[in-house]
Amino acid sequence: MTPFVPAVWWTAPFVAMLLCIAILPLLAPHFWESNTRKLAVSALLGLPVLILYARHNPAALLHTAEEYFSFIVLLGSLFVVSGGILITGDLQATPRVNTAFLATGAVLASLIGTTGASVVLVRPLLSTNQERRHVVHTIVFFIFIVSNTGGCLTPLGDPPLFLGYLRGVPFTWTLRLWPHWLLVNGLLLLVYYLWDRRAHAREPRPAVARDRAQIRPLRVSGRGNVGLLVLVVASVALLPSPAREVAMLALSAISLKTTAKAVHESNRFTFRPIAEVAALFAGIFLTMLPALEILHARGASLGLTTPRQFFWATGLLSSFLDNAPTYLTFLAVAQSLGLPAEVVGVTHEALLAISAGAVFMGANTYIGNGPNFMVRAIAEERGVPMPSFGGYMLYSGAVLIPCFVLVTLLFFR
């Protein structure tokens, strides 16, 4: 039987879905703040594709539903359990302390996800720096490292890598990215440390004196959730579906039941962020079906053949659209080229380039990865005047792009 391949115009709902995610937060922020409206947009754009595949390829529809369920359960579990961990305190905001915060986040991002690490660390970092005036660069680098580039070592780290895991990439395969992770995060931490040393030297003396006087040691509440996070990681790595999803849901329920109400209140924990993800990705998973089928059939015509091309094509699109569907899009292109099938139908080098591009370059803009906007909102809520969309890109253009050029020269020549 000839495989079902939709007409090219069936990619329109997918393109419209991605454009809504990229543009509506900027053009219609009041409309877009409602999760119900996001779900309505997903339903409106996804319904034609749902009808199409229900008639012509119901097996693909069922497989996509299973992937969506696994994806949301993982993100939800990490979100719920990490939301039960509260770190309070106020350290002296020296360049070394701030760099240590970011370095810790770079490690945690691959263990509990970029969203989980951002939720756990951003508030204690803001508290530590509350006496300082020059804080914006610290939050920008936090987004670079903790919310993005730190999360490439495991499928837990960033949504694109978990989707790859669901498509057959072995759980430990992403450890092949450790040289890329070490180079990018090492460079960013070095640049940040030098930047913060200069910024700290320009702090008013009264601010520095207050910072030294108002020190409170870090204290962790909700410690039981640390063990639950370890069990979430173990369930992803060791259990098959659907036992994996059942275990993660059970661990989430335990976290909600056992976490003190004061911890959730201090973390301002609500289900709104994960509900937003669920609403948007329902539309993404549905509408991307025709695009993936077409790319599998005709991807060779795009002219992408080398790891360098896949790194930049995946990365630049991930900068302005959600990096998870972008990852799957270019994985489908690579699979259509007839490359040696070393892993999920492509070469190791091609998948390394696609993975690194999706994870790293999600840091280029506020809309490249989910935690970026979340961290910005929390910082502004605490009185930090964060840069505009374009202002943020000045930081990323000056700091991140040279790092990515170096990654290309060293790893994707």
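The values are calculated or read from the model by the stated rules, or taken from the named source; none is laboratory data. Since we're looking at a predicted model, the values are computed, not measured. Using ideal geometry, Cβ is built from the backbone for each residue, glycine included, and neighbour counts are taken over all protein chains shown. The area values use the complete protein model at the heavy-atom level, side chains included, leaving out ligands, DNA and RNA. Shrake-Rupley method; radii C 1.70, N 1.55, O 1.52, S 1.80 Å.
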Task: Verdict on S82 being touching a helix residue (DSSP H, G or I) at 6+ places or on another chain (Cβ under 8 Å), within 30 Å of G227 (Cβ to Cβ) and at pLDDT below 90 - done: yes
Open item on the list: Which numbered condition in (1) within 25 Å of T64 (Cβ to Cβ); (2) in contact (Cβ under 8 Å) with a residue 60 or more places away in the chain; (3) surrounded by fewer than 23 Cβ atoms within 10 Å (Cβ to Cβ) is the only one that V263 fails?
Closed with: (1)
Task: Selected residue [modelled with pLDDT of 90 or more, open to solvent by less than 10 Å² (accessible area, probe 1.4 Å) and closer than 20 Å to V232 by Cβ] from G150, G116 - done: G150
- [ ] Just give me the residues in the stretch 248-260 being without any contact (Cβ under 8 Å) to a residue 24 or more places away in the chain and within 23 Å of the chain's Cα centre (by Cα), in sequence order.
- [x] none
Open item on the list: Looking at the stretch 353-374, I want the residues that are under 18 Å from V333 (Cα atoms) and have a partner that is of a type in the set (K, R) and open to solvent by 10 Å² or more (accessible area, probe 1.4 Å) with Cβ atoms under 9 Å, at least 6 apart or on another chain. Which pairs are those?
Closed with: A353/R308; S355/R176
Task: Flag for S301 being at negative phi, part of a loop (DSSP other than H, G, I, E, B), among the small types (G, A, S) and at pLDDT below 90 - done: no
Open item on the list: Only one of R133, R197 is open to solvent by 30 Å² or more (accessible area, probe 1.4 Å) and either without any contact (Cβ under 8 Å) to a residue 40 or more places away in the chain or assigned to a helix (DSSP H, G or I) (or both). Can you tell me which?
Closed with: R197
Task: Selection within the stretch 217-241 - exposed (fewer than 13 other Cβ atoms within 10 Å of the Cβ) and either closer than 14 Å to S70 by Cα or of a type in the set (V, I, T) (or both) - done: P240
TODO: Give just the number: which of (1) touching a residue at least 60 places away in the same chain (Cβ under 8 Å); (2) assigned to a helix (DSSP H, G or I); (3) open to solvent by 20 Å² or more (accessible area, probe 1.4 Å) does P385 not satisfy?
DONE: (2)
TODO: Considering (1) in a helix (DSSP H, G or I); (2) crowded, with 20+ Cβ neighbours inside 10 Å; (3) modelled with pLDDT of 85 or more, say which one W10 fails and leave the rest.
DONE: (2)
Open item on the list: Among the listed residues G168, G164, G186, identify the single one that is surrounded by fewer than 16 Cβ atoms within 10 Å (Cβ to Cβ) and under 24 Å from P240 (Cβ atoms).
Closed with: G168
- [ ] Sort through V97, V146, V120 and tell me the only one that's free of Cβ contacts under 8 Å to residues at least 40 places away in the same chain, closer than 22 Å to G368 by Cβ and of a type outside the set (D, E).
- [x] V120
- [ ] Tally the residues that are assigned to a helix (DSSP H, G or I), among the polar types (S, T, N, Q) and farther than 23 Å from M248 by Cβ, restricting the search to the stretch 69-107.
- [x] 3
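For every residue, the table says whether it meets (1) free of Cβ contacts under 8 Å to residues at least 60 places away in the same chain; (2) crowded, with 17+ Cβ neighbours inside 10 Å.
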{"site": "P25", "(1), (2)": "no, no"}
{"site": "E33", "(1), (2)": "yes, no"}
{"site": "L45", "(1), (2)": "no, yes"}
{"site": "Y53", "(1), (2)": "no, yes"}
{"site": "I72", "(1), (2)": "no, yes"}
Task: The one condition in (1) more than 30 Å from T326 (Cβ to Cβ); (2) at pLDDT 90 or above that R219 fails to fulfil - done: (2)
Task: Residue satisfying all of: in the stretch 267-307; surrounded by fewer than 20 Cβ atoms within 10 Å (Cβ to Cβ) and among the hydroxyl-bearing types (S, T, Y); farthest from the chain's Cα centre (by Cα) among these - done: S301
TODO: Identify all residues within the stretch 318-348 that are assigned to a helix (DSSP H, G or I), in contact with a Leu (Cβ under 9 Å, 6 or more places away or on another chain) and open to solvent by 30 Å² or more (accessible area, probe 1.4 Å); write none if there are none.
DONE: F320, Q335
Task: Which listed residue is surrounded by fewer than 23 Cβ atoms within 10 Å (Cβ to Cβ), touching a Pro at 6+ places or on another chain (Cβ under 9 Å) and either farther than 27 Å from R123 by Cβ or of a type in the set (V, I, T) (or both), from I367, I354, I378, I401 - done: I367
